[in-house]
Amino acid sequence: MRIVDEVVDVWRPVKARAVSDHVFHLSDEPAPQDEQWAFGPGDEVVVERRANGDAEVLVAVARALDMDERSNQWLRKAG
């Protein structure tokens, strides 16, 4: 999860469950009081794989609801 309003890029791992290959439902756990997350607890987000040092991680890049209807249907059927 990207933490917004930071001088440098700051990321936090969060719990989520797969809805499809490209859409995940974020946990309902709230952000710590001193953090503002890019997406809210319980949001469905579109993810993509990104390199993180020697590892590859899934990164939330958009809310699934922000996708147009055809894209959203495609993403849900991808699983």
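The values are calculated or read from the model by the stated rules, or taken from the named source; none is laboratory data. Just so it is clear, the structure is predicted and the values come from calculations on it, not from any experiment. Here Cβ is always computed from backbone atoms with ideal geometry, including for glycine, and neighbour counts include all displayed protein chains. Just the protein is used for accessible areas: all its heavy atoms, side chains included, with ligands, DNA and RNA removed. Shrake-Rupley method; radii C 1.70, N 1.55, O 1.52, S 1.80 Å.
Quick look at the numbers
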item: Neighbourhood net charge (13 Å Cβ-Cβ; Lys/Arg +1, Asp/Glu -1) for residue 26; result: +1
item: Cut-off 13 Å, label 7 Å out along Cα→Cβ of residue 57, residues of region 1-42 by amide N; result: 1-3, 9-15
item: Rounded, prolate or oblate (a/c below 1.5 giving rounded, otherwise prolate when a/b exceeds b/c) for region 1-51 by Cα gyration tensor; result: oblate
item: Sulfur and carbon atoms: percent of accessible area, region 21-67 [1.4 Å]; result: 44 percent
